[in-house]
1. Taking the condition of being in contact with a Lys or Arg (Cβ under 7 Å, 6 or more places away or on another chain) and surrounded by fewer than 20 Cβ atoms within 10 Å (Cβ to Cβ), how many residues in the range 121-159 meet it?
2. Which of the residues spanning the range 185-210 are more than 17 Å from Ala144 (Cα to Cα), touching a residue at least 40 places away in the same chain (Cβ under 8 Å) and away from the ligand (no atom under 16 Å from the Cβ)?
3. Is it the case that the range 45-55 has a residue that's within 18 Å of Ser99 (Cα to Cα), of a type in the set (Gly, Ala, Ser), in contact with a Lys or Arg (Cβ under 6 Å, 6 or more places away or on another chain) and modelled with pLDDT of 95 or more?
Amino acid sequence: MKEVFRVAIDGPSGAGKSTIAKSVAKKLNIDYIDTGAMYRAVGYKMNREGIPFEECDQLKSMLDATDIDFVSGDIILDGEIVNNLIRTSEVSQLASKCSALPMVREKLVEIQRGMGARKSVIMDGRDICTNVLKDAEYKFFLTASAEERAERRHKELIEKGEVITFEEVLRDIENRDHNDMTRALNPLRKAEDATEIDSTGMNIEQVTEAILKEIK
Ligand code: DC
């Protein structure tokens, strides 16, 4: 194995990318970068500050004044830990909306490339294999059926105390799949050189092992 290497994982919402990426990062002792959390943080901030979800001067100034980083697994937005604030179903939709804006993508992709430049990382998102880390040593496309993804997400949200039905979560997931796959800029798609893993019916250990097998 090379001393510094990058692992890129793309896939639709709820496919288990972050759970798997965290588990692989731990096994390989490398940093994990959750790019979805970065779009969530921007969507959350735009909403909080009343910035319109379109390309405008206000958005540009806000992005110029935005700082996003990961410290010990926490996502820090302008000095504040926002882990829990960005994990609501409302922020999921805001993240999907803001991720279609070129200004937002340009800013976040630049930060992400910087994070993956000098050390070994595992990064997950929608455009990591196809755009952010095109030259990553290891690439994966992780998917699962929409129903299974909705079931997983529904369980997570209920555990956190949100009042939401399975049907609503399934609709949200299908809505986001559509937005993420049809946006003009860097839409979600499997890179030609990525290994596809369909995790329907698989548990965390099985998916982690499938990835580690390709890397070692
Ligand atoms: O993985 P997630 O559900 O936390 O991502 C939130 C949203 O961010 C998702 O709807 C699509 C967008 N996203 C993106 O466009 N590009 C990425 N690399 C990661 C996420």
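1. 1
2. Asp193
3. no
Rundown of residues vs (1) assigned to a loop (DSSP other than H, G, I, E, B); (2) surrounded by fewer than 19 Cβ atoms within 10 Å (Cβ to Cβ); (3) more than 12 Å from the ligand (Cβ to nearest atom); (4) within 14 Å of the chain's Cα centre (by Cα), yes/no style:
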{"residue": "Val7", "(1), (2), (3), (4)": "no, no, yes, yes"}
{"residue": "Ala15", "(1), (2), (3), (4)": "yes, no, no, yes"}
{"residue": "Ser18", "(1), (2), (3), (4)": "no, yes, no, yes"}
{"residue": "Val24", "(1), (2), (3), (4)": "no, no, yes, no"}
{"residue": "Met38", "(1), (2), (3), (4)": "no, no, no, yes"}
{"residue": "Tyr44", "(1), (2), (3), (4)": "no, no, no, no"}
{"residue": "Ser61", "(1), (2), (3), (4)": "no, yes, yes, no"}
{"residue": "Phe70", "(1), (2), (3), (4)": "no, yes, yes, yes"}
{"residue": "Asn84", "(1), (2), (3), (4)": "yes, yes, yes, no"}
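One line per residue, one yes/no per condition, for (1) assigned to a strand (DSSP E or B); (2) more than 12 Å from the ligand (Cβ to nearest atom):
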| position | (1), (2) |
| --- | --- |
| Arg105 | no, no |
| Met123 | yes, no |
| Ala136 | no, yes |
| Gly161 | no, yes |
| Ile164 | no, yes |
| Glu168 | no, yes |
| Asp172 | no, no |
| Asn175 | no, no |
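The values are calculated or read from the model by the stated rules, or taken from the named source; none is laboratory data. What you are looking at is a predicted structure, and each value in this text was computed from that prediction instead of being measured. Neighbour counts are summed over all protein chains in view; Cβ atoms, including those assigned to glycine, are modelled from backbone coordinates with ideal geometry.
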